[in-house]
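Each reported figure results from applying straightforward, stated rules to the coordinates on display, with no laboratory input. Owing to the predicted nature of the structure, the values given are computational and were not obtained by experimental measurement. No Cβ is skipped: glycine too gets one built from the backbone with ideal geometry, and neighbour counts run over all protein chains shown.
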Amino acid sequence: MVGMHEGDRKSAGLKDNIRRWGTDLGFDAIGFSGTRVSGAERNLAAWLAAGCHGEMDYMAAHTTARGNKRALPTELLPGTQSIITARINYRPAGADSSEVLGEGERAFISRYALGRDYHKLLRARLQQLADRITAEIGSFSYRVFTDSAPVMEVGLAQNSGFGWRGKHTLLLEREAGSWFFLGEIFTDLSLPPDAPVTDHCGTCTACLESCPTQAIVAPYKLDARLCISYLTIELKGSIPEPLRPLLGNRIYGCDDCQLVCPWNRAAPLTRENDFAPRHGLDRARLVELFAWEEKDFNARMAGSAIRRIGFERWLRNIAVALGNAPPGAEVLGALRSRADHPSALVREHVAWALRRHGAL
């Protein structure tokens, strides 16, 4: 550290301690970023102008006279000088995704949602890390974020040296691929940012080619209106009929672009028990899930990210998957059992599924 000022040495030492404390708390990586997210606001504005956000109006909110808060961390927490970024791997042990996708009578649920909702776990860990820093240096100004506010998580993670934005728009890291959650602590501490890494996607276009609905309309550009994750999670109304056959048996989210990514081949499994599959959701049968009543859904999905879509959309999604399932008496019986459901949204998708099987 020859030539370093005393303040620099203290900052470097604090960074080392924060990384160690983060590791002790179960994070798989800790990084440090400044407050600038280069080009983020311009790219966001173009994406919004093209309508690619669909019904996600919150993506266009949080705009001030200075610009969109997503690209301006100092607007979210005035006085912010540094951002501590954290990564925790979520890839669970469980049924093989490709096998489940190939078995049309089973339900595919995005791997991130098989266990408990990550928001509470990650937020609690970040708070523990902030508490540990406070115990060491005294009170400081900070705010914890876990996909809970207008934050450019991928851009900040890039600036922290966590990886690069893949052509599917997700963050990629050499060792962990893309199977991880991100969280941040905005602080008024002056901590030198880590060095970003370069893009390593090269000429690979596997993610673009694998997308069932061709939602990755160009490298690094996703049209959410076509994305299965948007259609099954964010969209509140009817799923557009031309897209329904393309959903296959995916009832909550879609991992196809991650499953084909070469950087995910050796991605490690999570160390977190909370991310392990619950209620056999990693290979559950569609007819079994469709038979749940609302009280079953609410009880079994307690503490799960899936619960936020509600029972009505849960049935809507499964009805589409049953319409795409191999025909049989069990599938038709399940659909007919919901043909007179009180929800017009459910009835519409059940009727479509029955017509698809030539049973209506």
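Table for the structure above
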{"read-out": "Simple Cβ-charge dipole of segment 203-315, Lys/Arg +1 and Asp/Glu -1, about Cα centre, in debye nearest 20", "value": "100 debye"}
{"read-out": "Area projected by the alpha carbon convex hull of segment 260-360, averaged over all directions, nm²", "value": "8.1 nm²"}
{"read-out": "Dipole magnitude of the chain, debye to nearest 20 (Cβ charges: Lys/Arg +1, Asp/Glu -1, about Cα centre)", "value": "260 debye"}
{"read-out": "Under the Karplus curve 6.51 cos²θ - 1.76 cosθ + 1.60, θ = phi - 60°, whole-Hz ³J(HN,Hα) for segment 181-191, x wherever Gly or Pro sits", "value": "9, 10, x, 9, 10, 7, 9, 9, 6, 9, 10"}
{"read-out": "Debye, to nearest 20: dipole size of segment 104-257, +1 on Lys, Arg Cβ, -1 on Asp, Glu Cβ", "value": "340 debye"}
{"read-out": "Partners for Lys295 among lysines (Cα-Cα distance below 24 Å; same-chain residues under 8 apart left out)", "value": "Lys120, Lys236"}
{"read-out": "Around Ala339: net Lys/Arg minus Asp/Glu count, Cβ-Cβ under 15 Å", "value": "+4"}
{"read-out": "Extension reserve of the Asn273-Arg174 stretch, reckoned as 0.36 nm per residue once the Cα distance is removed", "value": "33.3 nm"}
{"read-out": "Lysines whose Cα lies under 18 Å from that of Lys221, excluding same-chain neighbours fewer than 8 positions away", "value": "Lys167"}
{"read-out": "Environment charge of Ser82, counting only residues whose C-beta is closer than 11 Å and scoring Lys/Arg +1, Asp/Glu -1", "value": "-2"}
{"read-out": "Kirkwood Rh, Cα atoms: Rg over Rh of segment 176-253", "value": "1.10"}
{"read-out": "The chain: Cys lacking any partner C-beta under 4.7 angstrom", "value": "Cys52, Cys201, Cys204, Cys211, Cys227, Cys254, Cys261"}
{"read-out": "Value of D in µm² per second that Stokes-Einstein yields for segment 67-164, Kirkwood Rh from Cα pairs, at 4 °C (1.567 mPa s)", "value": "80 µm²/s"}
{"read-out": "Semi-axis lengths (Å, descending) of the ellipsoid that matches the C-alpha gyration tensor of segment 118-161", "value": "21, 14, 9"}
{"read-out": "Dipole of the chain [Lys/Arg +1, Asp/Glu -1 at C-beta], most positive-end residue of Ser337, Ala302, Ile109", "value": "Ser337"}
{"read-out": "222 nm mean residue ellipticity, helices alone, for the chain (DSSP H n ≥ 4; -39,500 (n - 2.57); rounded to 500)", "value": "-10000 deg cm²/dmol"}
{"read-out": "Relative contact order (%) - criterion: Cα under 8 Å, at least six apart; region: the chain", "value": "22 percent"}
{"read-out": "Where only C-alpha atoms are counted, convex hull volume of the chain per residue in Å³", "value": "147 Å³"}
{"read-out": "Relative intensity, log₁₀ I(q)/I(0), of segment 184-224 from a Debye sum that treats every alpha carbon as a point, q = 0.18 Å⁻¹", "value": "-0.69"}
{"read-out": "Under 14 Å, Cβ to Cβ, from Asp131 - net charge with Lys/Arg +1 and Asp/Glu -1", "value": "+2"}
{"read-out": "Hydrodynamic radius (Kirkwood) for segment 136-182, which is based on Cα pairs only, to one decimal in Å", "value": "12.3 Å"}
